[in-house]
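In what follows, a single structure is set out as structure tokens and then discussed.
The values are calculated or read from the model by the stated rules, or taken from the named source; none is laboratory data. Since this is a predicted model, take the numbers as computed values, not measurements. All Cβ positions, glycine included, derive from the backbone under ideal geometry; neighbour counts span all protein chains shown.
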Amino acid sequence: MTITTLLAWVVAAVTFGTVIMYGCLGETLNERAGGLNLGTPGIMMLGGIASLTGAYFYETSTTNPNAFISVIISLVCCVVVSALGGLLYGLLTITFRANQNVTGLTLTIFGTGIANFFGGSLVKLSGGLGQISVSMTSNAFKATIPFISKRLGIFSNLLFNYGWLTYLALALAIVLHLFFFKTRTGLNLRAVGENPATADASGIDVIKYKYLACCLGAAISGMGGLFYVMDYAKGTWANDSGIETLGWLAVALVIFTSWKPKNATWGAYLFGFCYWIYLYVPTPVNVFLMKTFGLNKSTYLQNLYKMIPYLVTIIVLVLVSAKKRHHDRAPESLGVAYFREER
Amino acid sequence: MTQREPLYRITKNDSRSFLSAALIRFSCIVLALLVSALFIFSITKLNPINVYISMFKGAFGTKRRIWITIRDAALLLMIALGLAPAFKMRFWNTGAEGQVLVGGLATATIMIGYGNKIPTALLLVIMLVVSMVAGAIWGFLPAYFKAKYNTNETLFTLMMNYVAIQLVEFFVDVWDKKESHSVGIINANNNAGWFPAIANQQYLLNVIIVAAVIVFVYLYLSYSKHGYEIAVTGESENTARYAGINVSTVIIRTMLLSGAICGLAGFVEVAGISHTISKQTAGGRGFTAIIVSWLAKLSPIVMVFFSLFIVFLDKGAIQIASDFNLNEYASNIITGILLFFILASEFFVNYDVHFGKRGKQV
Amino acid sequence: MEKESAVELRNISKSFGKVIANDNVSFDINKYEILALLGENGSGKTTIMNMLAGIYYPDSGQISVNGKVVSISDPKVAYELGIGMVHQHYKLIDVFTAYENIVLGLKEKNKDARKEILDICLKYGFEIDLDMHVYEMSVSQKQTLEIVKVLYRGAEILILDEPTSVLTPQEIAKLFNVIRNMRDDGKAIVIISHKLNEVLDISNKVVVLRKGKFIAEVDTSKTDERQLTELMVGEKIELDIHRDEPIDLIKRLEVKNLTVLNEEGRKALDDVSFEAFGGEILGIAGISGCGQKELLEAVAGLQQIEPGASIIYTSPENTEEELVGKSPRQIRELGVHLSFVPEDRLGMGLVGNMGMIENMMLKDYSTGHGLFVQTKAPKSLASTVKTELSVDTPSLNTPVRRLSGGNVQKVLVGREISLAPTVLMTAYAVRGLDINTSYTIYNLLNTQKKKGVAVIYVGEDLDVLLALCDRILILCSGKVNGIVDARNTNKEEIGLLMTNLKGGN
């Protein structure tokens, strides 16, 4: 494997890793407060389409669009719409105490529907697939850190050549980690997720914390969708399942990280590597497998290689479940609705 | 100290009458249709009544459409039925999608491999068995690890969906000789392995199979010893152990069954409906079925209504999409809105909300 | 001295669905006073205190604190008013440290928090390790933590819900000293209890509730056990448990070198050996979590047993069977029955969402041929149990979850006895029951003893253990710390055996 291919692999892994990281961080925040949101993929779809729609209408309606404003508009659209998705989830599971799994799955169906519905319409509006051009916004999001990104040769390419949202995700992971484990509010939030009755009796507003966690969590997850659309898809929309798939991996990553954001900083990239592995399998392996299976084309094998991220996730799930340390467990009340006057 | 009283209070209501519960659920559905109408109106600026009529025509407008609606509802119902034993055990099988796919894949394999060599009747029996075995294997893996290590089954089964998708993609590529990334209609020339028309109805066999599954699942869950074990295990694993039930066996056995029924649905889809295989074969039904099964509280009879209802919405939404030049994802949105309202309605069935001042104040 | 009231409760009512928990209850809680809130389980003691703590909100009525009418809409308001409650099921977070639990939910970061907490401990005589995780703590350490937590939040009105139920006599004495210290410091203290001797020992004033209603308020110095019992139960009852001398003792179980590991790999049972005889009641005492549960479960085949152990069962036909290695079902078919009543009542033994009929067949649903369950026999058994033990249920199909604790217990014990056991094991059989039902259960156990059944009774109330059992085995940290003759011992001796491991182990 040449250094160039390796570099390409790293870049691809970091890109998808960042999408997964945002999704995972948002969902971690939610799960720390006791909410298991299987609607995360749907929320990421919502975030993606909202950022795109916002940028599209700004870029097409203004004669001299300003890159900074377009970034702000698309960020705000993404965060607000994703948070609304989280609010819907919160309303149903916190206030109406509906089953979290079913609500989450419905939200994914709903979010995917909304995103592809409007995405499809946008594609139509702009005249065909791959044609929504919010190139300016996309480029603004892909802007690298000046100076440093050019000066260090190969290291620059490896470490500093990504859009600024990549570094924001890393910073967010650290901030969330400190928030959970170093601040009083973080302590309260974890208490809500562990044992809401205790938190309630200690004077913590359980409902408020749960709502804030699921709305803010959704907003963060939604950023994963934005990153996918703006950075990976370069400001276009395709009605495929790209974001949804990464969304499920993000939910799985939460377990992998033992609900600790600091572990997401490397776990997400690991998932990213696994995702792209199918393009970088060394030729001898391909040849060997082709012979074994009696295939005449190596591209067939790619279908099998694409299983790797999911198989890895499964193996991780099994390994995580086999260990039983107190501090690596899921929040105690995860998935359970809280009602103070329950008897 | 402030004198404020809580804005509203919530109390549990365990004893609501059937009628009052039905009324609440019905009003929630009406409300949902109103909100959907608002959505449709804001997008299309069309009279929602016309739109609903259009939806109804889409689902039941012609005899053929009625049959297609029944056919699709039957398929969705079958998957929901397959999920019921797992859910009764509180095992979150989100892997129906993959179980259906591998069932379909197994069916397609037999169809392609033996289509010309074995008479269709025998072929159908073989495909039925093989599809169930394939689905059962997909159900077995997460169940085994759940039983052994208590591995999170929700995500395990979910990931198995993607493994199934890639497996299907692999075989589609291998079988496809024209680089079109599709296998096309299998045995289009001789219809080998296709469901035969019964009494001139192309899809009657599908309905018969599903009817058999309904009866089976109903009896199995409500009256059999296995069903009793599933109920006890789902309620409390400790109680199950105390009762002498081997919890691991029950988990694995139940998931083998759950996966097998979903695999069977794959067989019905491939041999009885599409006569092809692709990663779209399950088409999201595995997820919709979860919701059907849950909302019906695992009652097979209620599931019949829910599957019909959801397929009606789906067909209707596709119809309005084509009538009014929208894209087909409108159906996901309308289905989503409806499901949200039904989910919320359960709260109002189980709890009372009191607003404002308390009763007597001394 | 004129009493200074801290809390006035006036005409408080609260219901849950159709169940009326409190009906027009009024009384005062005073400073410099320990008030005992006495009543049977289900009399509404905890509910009314939960309304003070902001957990529940009253349907009607008025609460005043320090002379001002207040509306305690949530626990935060209760804290602001200086009301602190130590719940029966501790409200602590397992993965947090003691310190984190204490400061949980408090707004401002207080640099001196640690020092202030230690000052409180010093003042009242608590011992606490602030950096210990709750999951590492013993029950009494957790209770100490709960009380310190409440005091740190400035509680002047302290409510303790059944604080002694899991403590040894020595720990109770220590706790009562602390409580007296707090009273003398001017705090208003409420102790919820149903144990008369403790109420008489610690309180200044007793308020009695029955079926949600206020019954009486008496000065502790002017009352006695008989009067309080009558007030509590509403009728005169015989408080002595009738105990026959054991006759025709036949060895049924011989347990040797039984060791069981818990989830964390520590020894839950450590080299336990004992014998149980038909025709006697063997009591098992110990502070909670000392291996009682594991012991019964191990005999019933529900635990993984370490090698080297043997449990020999002698059948009525005088054949000997090794139980280790047999499945729960095989053990049961030999006649060894576990009527386990766990902490949450429905967690094991009964299925909450099933009715009486379906619960009756829990253990023998698999008998008989065919794929389907037989409902005839369980149906008739269910109606027999319902009539004979007067189970109060709307129908035989009503989920047992909806029944009261006492009725749930009757269903469970009724089923176990119907299976004609030779060994009957019960754990906490009367927990949560009213006095009359408790005595029904004691009588049932005595009847079984007379029939020649080997009864093993795990209990927490030492008075009952002393009065009911023939021999008492004391478990301490998973080891047998003594087997005493119940007729020739006392609470103090048992209490010491519960806490101090003999023989330099």
When every residue in the range B:261-289 that is closer than 10 Å to B:ILE79 by Cβ and within 13 Å of chain A (Cβ to nearest Cβ) is compared, the one nearest to the chain's Cα centre (by Cα) is B:ALA289
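If you take the residues in the range A:307-327 that are surrounded by 15 or more Cβ atoms within 10 Å (Cβ to Cβ) and more than 7 Å from chain B (Cβ to nearest Cβ), which one is nearest to the chain's Cα centre (by Cα)?
Going through the range A:307-327, the residues surrounded by 15 or more Cβ atoms within 10 Å (Cβ to Cβ) turn out to be A:307-314, A:316-318, A:320-321.
Filter once more, keeping what is more than 7 Å from chain B (Cβ to nearest Cβ): A:308-309, A:312, A:316, A:320.
Details: A:ILE308: 19, A:PRO309: 15, A:VAL312: 18, A:VAL316: 18, A:VAL320: 21 Å.
Looking at the filtered set, the residue picked out is A:PRO309.
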Residues of the range C:411-456 being under 19 Å from C:PHE277 (Cβ atoms), buried (at least 24 other Cβ atoms within 10 Å of the Cβ) and of a type in the set (D, E, K, R), in sequence order, are C:LYS449
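For the condition assigned to a helix (DSSP H, G or I), in contact (Cβ under 8 Å) with a residue 24 or more places away in the chain and farther than 25 Å from A:THR299 by Cα, what is the one hit in B:VAL163, B:VAL133? Please lay out each step first, then the result.
Values: B:VAL163 fails: farther than 25 Å from A:THR299 by Cα.
Being assigned to a helix (DSSP H, G or I), in contact (Cβ under 8 Å) with a residue 24 or more places away in the chain and farther than 25 Å from A:THR299 by Cα holds for just one of B:VAL163, B:VAL133, which is B:VAL133.
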Within the range A:239-259, restricting to residues that are within 15 Å of the chain's Cα centre (by Cα) and assigned to a loop (DSSP other than H, G, I, E, B), the one that is surrounded by the fewest Cβ atoms within 10 Å (Cβ to Cβ) is A:SER241
Going through the range C:441-482 in order, the residues found to be out of contact with any strand residue (DSSP E or B) (no Cβ under 6 Å at 6 or more places or on another chain) and assigned to a strand (DSSP E or B) are C:LEU475, C:CYS476
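Working only within the range B:295-312, note down all residues that are buried (at least 23 other Cβ atoms within 10 Å of the Cβ) and either closer than 20 Å to A:PHE110 by Cβ or over 19 Å from the mean Cα position of the chain (by Cα) (or both).
Once the filter is applied, which keeps residues that are buried (at least 23 other Cβ atoms within 10 Å of the Cβ) and either closer than 20 Å to A:PHE110 by Cβ or over 19 Å from the mean Cα position of the chain (by Cα) (or both), the range B:295-312 yields B:LEU295, B:PHE306, B:SER307, B:ILE310, B:VAL311.
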| said: Condition (residue is surrounded by 20 or more Cβ atoms within 10 Å (Cβ to Cβ) and within 30 Å of A:ALA213 (Cα to Cα)) applied to the range A:276-292: is it met by at least one residue? | reply: no
Scanning the range C:134-167 for residues that are of a type in the set (Asp, Glu) and outside any loop (DSSP other than H, G, I, E, B), the one modelled with the lowest pLDDT turns out to be C:GLU136
Filter the range A:288-306 for residues that are in contact with a Phe, Trp or Tyr (Cβ under 9 Å, 6 or more places away or on another chain) and in a helix (DSSP H, G or I); the one that is farthest from the other protein chains (Cβ to nearest Cβ) is A:MET290
(1) touching a Ser or Thr at 6+ places or on another chain (Cβ under 8 Å); (2) surrounded by fewer than 16 Cβ atoms within 10 Å (Cβ to Cβ) all hold for B:PHE91 apart from (2)
With criteria (1) aliphatic (A, V, I, L, M); (2) away from chain A (no Cβ under 14 Å); (3) buried (at least 23 other Cβ atoms within 10 Å of the Cβ); (4) under 19 Å from B:ALA80 (Cα atoms), B:ALA108 comes up short on (4)
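Within the range B:202-230, can you find the residues that are in a helix (DSSP H, G or I) and within 7 Å of chain C (Cβ to nearest Cβ)?
First pass over the range B:202-230, keeping only residues in a helix (DSSP H, G or I): B:204-223, B:225-230.
Matches in the range B:202-230: B:TYR223, B:LYS225, B:TYR228.
Residues are listed down the side, and each one gets a yes or a no for (1) β-branched (Val, Ile, Thr); (2) at pLDDT below 90; (3) closer than 28 Å to C:GLU280 by Cβ:
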| position | (1), (2), (3) |
| --- | --- |
| C:GLU217 | no, no, no |
| C:GLU225 | no, yes, no |
| C:MET232 | no, yes, no |
| C:GLU238 | no, yes, yes |
| C:ILE247 | yes, yes, yes |
| C:LEU258 | no, no, yes |
| C:ASN262 | no, yes, no |
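Can you list the helices (runs of 4 or more DSSP H) lying wholly within the range C:277-385 that have 3 or more residues being more than 30 Å from B:TYR220 (Cβ to Cβ)?
On the way: elements: C:292-299, C:328-333, C:356-360.
Where helices (runs of 4 or more DSSP H) fall fully within the range C:277-385 and carry at least 3 residues being more than 30 Å from B:TYR220 (Cβ to Cβ), they are C:292-299.
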Among helices (runs of 4 or more DSSP H) entirely within the range B:1-93, at least 1 residues that are within 14 Å of chain C (Cβ to nearest Cβ) and in contact with a helix residue (DSSP H, G or I) (Cβ under 6 Å, 6 or more places away or on another chain) occur in B:63-88
